[in-house]
1. State all residues of region B:45-55 that are touching a helix residue (DSSP H, G or I) at 6+ places or on another chain (Cβ under 9 Å) and either within 14 Å of chain A (Cβ to nearest Cβ) or part of a helix (DSSP H, G or I) (or both); if no residue qualifies, say none.
2. Among the residues in region B:110-121, are any more than 10 Å from chain A (Cβ to nearest Cβ), in a helix (DSSP H, G or I) and modelled with pLDDT of 95 or more?
3. Return a yes/no flag: does region A:399-412 have any residue that is within 30 Å of A:Thr40 (Cβ to Cβ) and among the β-branched types (Val, Ile, Thr).
4. Among what's in region B:1-44 and is among the basic types (Lys, Arg) and part of a helix (DSSP H, G or I), pick the residue that is farthest from the other protein chains (Cβ to nearest Cβ).
5. Regarding A:Ala201, is this residue under 25 Å from the mean Cα position of the chain (by Cα) and in the same structural domain as A:Pro162 (by TED's automatic domain parsing)?
6. Among (1) closer than 22 Å to B:Leu132 by Cβ; (2) assigned to a helix (DSSP H, G or I); (3) more than 9 Å from chain A (Cβ to nearest Cβ), there is one condition B:Val58 misses while meeting the rest; what is its number?
7. If only one of B:Leu71, B:Leu103 is buried (at least 24 other Cβ atoms within 10 Å of the Cβ), within 13 Å of chain A (Cβ to nearest Cβ) and over 20 Å from B:Gln278 (Cα atoms), which one is it?
8. Does any residue in region B:95-115 that is of a type in the set (Phe, Trp, Tyr) come within less than 7 Å, Cβ to Cβ, of a residue that is modelled with pLDDT of 90 or more and outside any loop (DSSP other than H, G, I, E, B) six or more places away or on a different chain, and which pairs are these?
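The values are calculated or read from the model by the stated rules, or taken from the named source; none is laboratory data. Keep in mind the model is a prediction, meaning the values are calculated, not measured. Neighbour counts are summed over all protein chains in view; Cβ atoms, including those assigned to glycine, are modelled from backbone coordinates with ideal geometry.
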Amino acid sequence: MAEHGKQERDRPWIMRTYSGHSTAAASNELYRTNLAKGQTGLSVAFDLPTQTGYDADDPLARGEVGKVGVPVSHIGDMRGLFDGLPLDQMNTSMTINATAVWLLSLYVAVAEDQGVDPSVLRGTTQNDIIKEYLSRGTHIFPPAASMRLITDLITYTVDEVPKWNPINICSYHLQEAGATPTQELAYALVTAIGVLDAVKATGRIPESEFGKVVGRMSFFVNAGIRFVEELCKMRAFVELWDRVTRERYGVTDPKQRRFRYGVQVNSLGLTEQQPENNVIRIVLEMLAVTLSKDARARAIQLPAWNEALGLPRPWDQQWSLRAQQILAYESDLLEYADLFKGSEVVEAQTQLLIDSAWAEVQEVLKRGGAVEAVESGYIKQRLVESNAARLRAIENGEQVVVGVNKYIEGAPSPLTENLDDAILTVDPEVDPNQREALALWKRERDNGAADKALAELQRVANTDENMMTASIAAAHAGVTTGEWANTLRQVWGEYRAPTGVAGATVKTSGSGASAEVIDRLRSRLSELETRMGRRAKLLVGKPGLDGHSNGAEQIAIKARDVGFDVVYEGIRVSPEQIVASALEEGVHLIGLSILSGSHLALVPEVAERLRAAGLGDVPLVVGGIIPDADAERLRREGIAAVYTPKDFELDNIMSDLIDLVDRQHAAE
Amino acid sequence: MPPSDPLDDARQVMSADKAAVSRALNLVEDRRSDAHSRVAALLAMLKDAPKAAGGHRVGLTGPPGVGKSTLTSALARSVRKRDRTVGVVAVDPSSIRSGGSLLGDRARMSFDPSDAGLFVRSLATAGEVGGLAYAANSAVRVLAAAYDIVVIETTGVGQSEIDIVHVADTVVLVIQPGSGDVLQFLKAGIMEIPDILVVNKADHDELAQRAIADLRGALRTAHAAGAGGGQDADWETPIIATSATKGTGIDELIDTLDAHRQHLDARLAARRREGEVQWTLDLFSRKHGEHGVATLGGVAQLEARAERDLHGGETPLGLCEHLSREYVSALGRTP
């Protein structure tokens, strides 16, 4: 074979589907059918209580159990999840961060129960808590404690579970939070540097073994619709990582310097309008991470076409899996060497990204590194600004989104004819059932053993010993997820991350139609202030455990820019807190953002508590991934407005909000 | 809503009824001219509330980003543990272009929403660029009638650093290790010496110790240059290291606040009256400018007048209304 011509067929990447819902048993069934369809790895989606360290019976878990993933409260749930799936033959990716040490401990404990030696386990724990502060919002502990958990997991697995990827540094969620390709590259790299430096500082890894740690670092990357630039971004990643590992850590083995990454392609760009178009977007985005042999993903999971509408059904996920299979097995892609080596266009664009990303890496390092730049709000603020710019470009048509701001006319889609059947709904009985099962578990376990394990956990948390051993023992002793996390909360405290919105500066274009709209909104609010005596004050609340704060942040910034006084409290506030804030702050209007699908539990609760506090006449609006039938119901229950991803024109939303305050004022 | 009975409202505020406190704060924020006399009446009734006289008004200031909100949150929680109640006024800047603001302090705070002894109100600076919010002064007085301790957290820039002295009994300046500017300002006497200095984010021992040593030096230089300690000579500004995220140093801060409040005791009424005099003059000159001040006899005479009338039971807002009327009628007499 010629060097640049056809070669022996390359091995395909691992194919997964991010899935899990309702219960361990229901998810187990789903995993079995997925594997039967030719999926080659598993990707576990945990529900938000599990991700944020609460049991199903915690008040904060209300409405969230089994919604965006599977609840795993103890080793019994983990056993059920992998029932009949021998762990020595699985390659399991777990999207888990703050509680990663715990979930891996449960996994190891189940393996031990199955008679499987943990050293043969393969898979990945996401374990990148840094990006949780920036985007995903499922962090629990302050940065120092989080970094300790990250390094504990890494230093444990490097010897005990050597084929495990102990961390997936996520640039994925940075893109979802608005990052440009340069920012994605830079912030993922500084996070990796922060983690490796912290591992080094533990002193647990001998200098000669450090290359092994570097070699186990893996990344989780996003791919958006500008797929040529994304392709170059992946090539830039490969080169930059090689540079970092060689220059900063002196790794000599090229295998240990390889940039190993998995991908979930962009969910942010999936549209609610003409959702069938999303299939084409997903395929194009997949090309960005597969076409380059020299920078090809090692594992891919694709979203489903209808994710902007609600939870995908098995068939929807199957369609995405088929796209992977057709590319890997039907097409000739894997028969060729790297397609772009020597391409002037690709190499120039790649170099551009390398240079700009490297400059931003230096900027963050100058500020003390990733953790410092998270705590100071620097990175978050940059992301919020980029996201605002992105949304503005879509709103004013600079960035074309087919079916959304261009080519909007279309024939009705037979796929969404019966919209409520086009998504998966979680059985409302899941929540009480899980609570009952949990109570039963606690009754039947040896409580003395559980207490002893928790006491040991607490002792270790106060030292600098590795948390893994005590956690695995706790897993065997029947300790629950909430007990594990609460024990550590007591030792380390909880952390509220910078929101990045207060300091974010957003360019408002000085002229043109959009500037006129803004001016009109501003003068309406000034005029309203004259009449009301106070400036209109808006409370933006994010109830529930869902940490995807991009929507709430963009609404908060936009509202400030048209002239609202905006109270923004950050993520994970309870309905009680929202009502207390509304009362103390004397707000004129409340907006809630919920993306986890728990709107039917949370929104009416907030409304009810507002009435009880004598604030029943303060208008309440909600935004999120809310199916039509649910929106209808919420409006019937007195919610003033319901917004979904198709309402991308923020100016229109702002105009509605001003109307609501004005009308309420007139009524008083 | 029909206007409620002002006396009833005042009583409810004094009993720390959250809905009533919130309504009273809405009223003092109201800029419509017909609200002014109602605000003046309300504040006059709250003036002698038992809590107000015995309470403590703490100003928290310092450059943006030093962790004032997190510190306020930690402080409030610890004060609550000592069974005292807390009201917080958190001031954030308004955008000059849009007039809007992002009031983000709550995002850094974690409180029990069912706690009746804690109240937080965010205020935007609105027109007062660089200064305290329009309603900050009045809001502090509302909260002081309802809660044991009132904390005013400023934006930490510009005029607010000076205004805070007239609102708070105790001014706490918060900095973080490596705040070179603050040191320079202190040394040069550009910055008033606070009653208490806090070095926050003192997680790194070595850095914090160096920061404290640097501050001691700066204070010595300032003293040598003739600046007084705080506003009185026999109080030596303590320096406290805190980590708001870890909760260390907070108890020491509370003890020091109590010590300063104790130290002030005999002088407190005079200090507060001085603040009210300045507030009155500030209100008046903002309304009528230099011409107004000159017409009524100049700054010194107005200060003496305010001193006397406030001592006689008048409130700053009420006095300002009187002065306005006098000015307007004086205008009528001039050709």
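1. If the condition is that a residue be touching a helix residue (DSSP H, G or I) at 6+ places or on another chain (Cβ under 9 Å) and either within 14 Å of chain A (Cβ to nearest Cβ) or part of a helix (DSSP H, G or I) (or both), then B:Met45, B:Leu46, B:Pro50, B:Lys51, B:Ala52, B:Ala53 are the ones that fit.
2. Among the residues of region B:110-121, not one is more than 10 Å from chain A (Cβ to nearest Cβ), in a helix (DSSP H, G or I) and modelled with pLDDT of 95 or more, which makes the answer no.
3. Scanning region A:399-412 turns up no residue that is within 30 Å of A:Thr40 (Cβ to Cβ) and among the β-branched types (Val, Ile, Thr).
4. Top of the filtered list is B:Arg11.
5. Spelling it out, it is not the case that A:Ala201 is under 25 Å from the mean Cα position of the chain (by Cα) and in the same structural domain as A:Pro162 (by TED's automatic domain parsing).
6. Unmet condition: (2).
7. Result: B:Leu103 is the single residue among B:Leu71, B:Leu103 that is buried (at least 24 other Cβ atoms within 10 Å of the Cβ), within 13 Å of chain A (Cβ to nearest Cβ) and over 20 Å from B:Gln278 (Cα atoms).
8. Taking only residues 6 or more apart or on different chains, the pairs are B:Phe111/B:Leu118.
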